[in-house]
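Data first, discussion second: the structure below is written as structure tokens.
The values are calculated or read from the model by the stated rules, or taken from the named source; none is laboratory data. Everything numeric here is computed off the predicted structure, so don't read it as measured data. Note that each Cβ is placed from the backbone with ideal geometry, even for glycine, and that neighbours are counted across all protein chains shown. To get the accessible areas, we keep the full protein, side chains included, count just its heavy atoms, and leave off ligands, DNA and RNA. Shrake-Rupley method; radii C 1.70, N 1.55, O 1.52, S 1.80 Å.
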Amino acid sequence: MEQQSLQHLLSHFSFTRLLLALLFLLATWGFTQLLRLALQRLADRFSRHRLLISSSYPLLRLLLWLAAILFVVVVIFQPPTGTLLTLGASVGLALGLGAQDIIRNIIAGVVILLDRPFRVGDMVAVGDHYGEVTHIGLRSIHLHSFGDSTINLPNALVLGQAVANANSGALDELVEIPFSLPAASDTALLRTLAEEAAFCSPYVYLKKPVVVLVEDTFDRQFLTRIRVKAYVFDVRYERLFASDVCLRFKLALRQRGLTPPLPAGAPDSA
């Protein structure tokens with residue numbers, strides 16, 4: 001009786017069915033790669049909708065693989081319900097005992113894909129890491145930092161701590177640029193010069209406001225702190241925007257004699 005049950009079970013995993021399942025999974029993988037390339041081209045062509053197009057791929061990939069696995073199990077192998085339940089329980093127990101970290105990351109990855117605290121293309125800060133989300137997988141996410149490094153973070157680690165999202169799916173992003181100057185400076189003039197520096201930058205997004213905040217602080221001496229808060233038109237130009245505003249503001253200060261003169265022979269960085 002046991003031998004007949006074993007033969008009946010093995011008949012569902014014949015060479016023909018295994019080959020069909022392998023071919024179907026390979027076809028699914030190929031389709032996901034084509035889908036990724038197609039979405040990349042669409043994102044490059046319609047740059048204003050780049051984040052929306054790019055962020056749709058992880059969820060579509062997850063749905064495709066779930067559908068493919070379900071098709072292979074139910075349609076190709078067609079195991080009896082009792083066998084399917086027994087096999088699922090055995091696999092679940094084995095994975096639960098031997099691959100707890102992997103299962104934890106997969107569950108966290110599914111939660112991230114469904115809850116969507118961030119998307120591909122968002123600028124996020126996770127702990128000490130900050131960068132653009134380039135990949136959301138079932139095991140980990142990838143961040144591309146401004147130092148041109150790829151940071152691989154396990155999903156369980158990301159889900160278990162606070163994540164700061166700088167743009168939340170929008171292409172533009174708020175950038176804060178601080179300056180510290182002597183407290184005796186003309187604050188009205190400083191505010192005007194800082195506003196002009198932001199408005200004149202080629203990276204500024206003028207459909208949203210430019211705000212300049214002024215406050216007093218003390219760091220060994222009394223200082224006036226200027227904070228320029230403006231939007232960059234594309235999150236990828238965040239650092240270029242901050243650098244451009246800084247250079248323009250320093251040049252305006254230099255031209256009006258509001259900064260100490262450079263020592264003789266020193267290069268003029270502004």
Taking region 170-204 and the residues there that are of a type in the set (D, E) and under 18 Å from E238 (Cβ atoms), the one that is most open to solvent (accessible area, probe 1.4 Å) would be E176
- Task: Would you check if there is a residue in region 205-214 being under 30 Å from S54 (Cα atoms), part of a strand (DSSP E or B) and under 22 Å from the mean Cα position of the chain (by Cα)?
- Result: no
Pairing a residue in region 21-35 that is without any contact (Cβ under 8 Å) to a residue 60 or more places away in the chain with any residue that is surrounded by fewer than 11 Cβ atoms within 10 Å (Cβ to Cβ) and of a type outside the set (V, I, T), where Cβ atoms lie under 9 Å and the two sit 6 or more apart in sequence or on different chains, gives none
For I226, the lone unmet condition from (1) more than 22 Å from the chain's Cα centre (by Cα); (2) part of a helix (DSSP H, G or I); (3) modelled with pLDDT under 95 is (2)
If we ask which residues in region 158-183 are of a type in the set (A, V, I, L, M, F, W, C) and in contact with a Phe, Trp or Tyr (Cβ under 6 Å, 6 or more places away or on another chain), their number turns out to be 3
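Yes or no, residue by residue, for (1) out of contact with any Pro (no Cβ under 9 Å at 6 or more places or on another chain); (2) free of Cβ contacts under 8 Å to residues at least 24 places away in the same chain; (3) not polar (S, T, N, Q):
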position	(1), (2), (3)
G169	yes, no, yes
P182	yes, no, yes
T187	yes, no, no
T224	no, no, no
A242	yes, no, yes
F249	yes, no, yes
Q255	yes, yes, no
*Got at least one residue in region 231-239 being assigned to a strand (DSSP E or B), touching an Asp or Glu at 6+ places or on another chain (Cβ under 8 Å) and open to solvent by less than 70 Å² (accessible area, probe 1.4 Å)?*
yes
Note on region 125-159: residues over 11 Å from the mean Cα position of the chain (by Cα) and of a type in the set (D, E) are D128, D148
Filtering region 213-222 down to residues that are closer than 30 Å to D172 by Cα and either free of Cβ contacts under 8 Å to residues at least 24 places away in the same chain or open to solvent by less than 100 Å² (accessible area, probe 1.4 Å) (or both) yields L213, V214, E215
V210: passes all of (1) touching a Phe, Trp or Tyr at 6+ places or on another chain (Cβ under 9 Å); (2) open to solvent by 30 Å² or more (accessible area, probe 1.4 Å); (3) of a type in the set (A, V, I, L, M) but (2)
